[in-house]
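Derivation of every value follows stated rules applied to the coordinates shown; laboratory data play no part. Quick caveat, the model's predicted, so the values are computed rather than measured. Note that we place each Cβ from the backbone using ideal geometry, even for glycine, and neighbour counts take in every protein chain shown.
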Amino acid sequence: MMSQPAVTTKQVPLDIVGSTVFGRYSKINIAETFNMIISDDWLVPYAGYKRKSQITGDFGRAIFSSARANIMIVVVDDVVYAVNNNISVTQVGEISTSTGDVYIDENNNAEIAICDRKNLYCYNWQLNKFTKVTTLPSGVVPGYVSFQNGRFIVADISSNRWYIGQVNDINTWSWGPGSTPVFNEVQTKADKCVAAIRFPGRGNLLFVFGQTVTEAWYNIPDNQISGYQRSSAFNVDYGCLNPATIANNENIIVWLAANNKSGPVIMWSNGSDPQQISTDGINYKLASLKNPSNSYGFLFKQDGHLLYQITFPDDKLSYVYDFNTKKFFTLTDEYMGSHIAKRVAFFNNKYYFVSFKDGDLYEFGSTLTNYDYGDRIMEIPRVRQCSPIREPNQKPFIVNNLTFTIEQGNSPGIQRVDFSMSKNGGISFSSYMSKELNTQGHRMNRLNYWNLGRSNDFVAQFRFWSESRFVCTNGLASIY
């Protein structure tokens, strides 16, 4: 009787710890991570949220934290609210529009500027007085409003001009020689101005965004005519597709960029040459969006990670980019649609956001491990779709087992992992094989799946279900 040849088994990496790196086509790579990020080479939860105040209205439009007044300003529909330390909400004014983006900043004279791309408004928190600013030069349609070195700056979205106000006075825009309006213009290209924003951590630097170009300007107080001078040695040959995607933190600015020769890309700059942070797969996705101009983004920090979150509501799509790990991840709501956060503010050592879906005010952070709407708690759909396992010679193989380390015994509630596999590179997946994790106090931390069959293009998918956290690291697949 002839003996059977020995079976040679080998271990290949199973990249549980991975990001959203899908290729242009799914056959290239289908790897994607939903609602989790990488920390210290482990996969950990992205921030959850909890409703803190139910505001009457349909759409959250803006949120701003005032360091001087120690309040947040929140705009829902056409109503402006002030939120104090106790998250008590008080109406302070109304604006003339009920939809669209709203921009907010403040000066050192208790004046908070609020712009709805139609009018400019002022809330004086010392006087508790809300007014419409009627002193802008004739014909100006105010857009993005920002503050630098004592003065408000307003982009005129109907022209290439951006206007500069008097020091600590939102009502004075004609203060130059002969009391004429003080403005500068986008000069590098024939363009319209969409935003002018102080560059964080770069002193007097101002980035002025057109639709197809971005210019660097410097505040020069001795320049009595306009107060600013354009850098003749530097500009960015990309403008901004929507100023609601502009976000700044620490010493960087991020925005959704475009010009007259290419489609949307995500760009960032630290004050010098800009860099794209899109991948081939992300760029392909952006190019296929229905309406990329309907978008918004913000920067915030989660446990030391600087994160840029961007959402395209018409396409029900949200991504987050981690500047620490330089990787993308996919975000969703509980129904796998786009994430509900529109704008974020840091207040009383916590992050808060307004929702574009219901107008309510939410707390946001990594200590929150579910989506808490007050009247219901929803599990966050956390998913890791691993990279394909393929042999270099494309020969078929049998997957004996998969194993990886996952934290167990930490949650008082039920935790479950659903495993599904694809044997055609991610085109279709099997039904789920579910495993409940160990109960609290039972901390054996290894997860195994056995006898997974024959394939030559194998993709593993894991769905993590619980109201608590999940922490897991890379694993191995045993194949022969």
21 Å Cα-Cα reach of K118 towards lysines, excluding residues that sit fewer than 8 places from it in its own chain: K129, K132, K192, K342
task: Mind sorting W255, W217, W450 by how few other Cβ atoms lie within 10 Å of their own Cβ, fewest first?
output: W450, W217, W255
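Can you give me the Rg/Rh ratio for the stretch 351-441, using Cα atoms for both radii and the Kirkwood formula for Rh?
Values: Rg = 18.7 Å, Rh = 17.2 Å.
That ratio equals 1.09.
Quick one: F234, F364, F209, F397, fewest Cβ neighbours within 10 Å first, how do they rank?
The fewest-first ordering by Cβ neighbours comes to F234, F397, F364, F209.
Report the extension gain between Q91 and I398 in nm, rounded to one decimal, defined as 0.36 nm multiplied by the number of residues separating them, less their alpha carbon distance.
Numbers: separation 307, 0.36 × 307 = 110.52 nm, distance 6.45 nm.
Taking 0.36 nm per residue and subtracting the Cα distance, the gain is 104.1 nm.
Place a +1 charge on the Cβ of each Lys and Arg in the stretch 48-378 and a -1 charge on the Cβ of each Asp and Glu, then give the dipole magnitude about the Cα centre in debye, rounded to the nearest 20.
Values: 28 positive and 30 negative charges, 37 e Å.
Roughly 180 debye for the stretch 48-378.
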statement: Kirkwood Rh for the stretch 414-455 from C-alpha pairs, in Å, is 12.2 Å
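What ranking, highest mean first, results for peptides 12-21, 438-447 when packing means the other Cβ atoms within 10 Å averaged over each residue? Mind showing how you got there, number by number?
Working: 12-21: 19.1, 438-447: 12.7.
Descending packing order for the listed peptides: 12-21, 438-447.
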query: Reachable aspartates and glutamates from K435, Cα under 18 Å, same-chain residues fewer than 8 places away excluded?
result: E379, E407, D418, E467
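Just subtract the alpha-carbon distance of N119 and Q54 from 0.36 nm times their residue separation and send over the number in nm, one decimal. All intermediate terms of the calculation are to be shown ahead of the outcome.
Values: separation 65, 0.36 × 65 = 23.40 nm, distance 2.69 nm.
Result for the pair: 20.7 nm of gain on full extension.
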statement: Neighbours of N456 by Cβ distance under 9 Å: Lys/Arg at +1, Asp/Glu at -1, summed charge +2
field: Environment charge of R469, counting only residues whose C-beta is closer than 11 Å and scoring Lys/Arg +1, Asp/Glu -1
entry: -1
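Just add up the charged neighbours of Y362: K/R +1, D/E -1, any other residue whose Cβ is under 13 Å from the Cβ of Y362.
Details: positive: K50, R51, K52, K342, R343, K350, K357; negative: D333, D358, D360, E363, D372.
Here the count lands on +2.
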query: Given R₀ = 25 Å, FRET efficiency for D41-N438 by Cβ-Cβ distance, to 0.05?
result: 0.60
- prompt: Pairs K261/K285; K290/K326; K261/K423: which exceed 29 Å Cα-Cα?
  reply: K261/K423
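Apply 1/(1 + (r/R0)^6) to the Cβ-Cβ distance of S232 and S430, taking R0 = 45 Å, and write down the FRET efficiency to the nearest 0.05.
Computed FRET efficiency for S232 and S430 comes out at 0.15.
Expected output is a single nm value to one decimal: the length gained when fully extending between T367 and Q276, i.e. 0.36 nm times separation in residues minus the C-alpha distance. What is it?
Contour length minus the Cα-Cα distance gives 29.6 nm.
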field: For the chain: Kirkwood Rh in Å [reciprocal of mean 1/r, alpha carbons]
entry: 24.4 Å
- prompt: Going highest first, how would you order 420-429, 154-163, 287-296 by mean Cβ packing within 10 Å?
  reply: 154-163, 420-429, 287-296
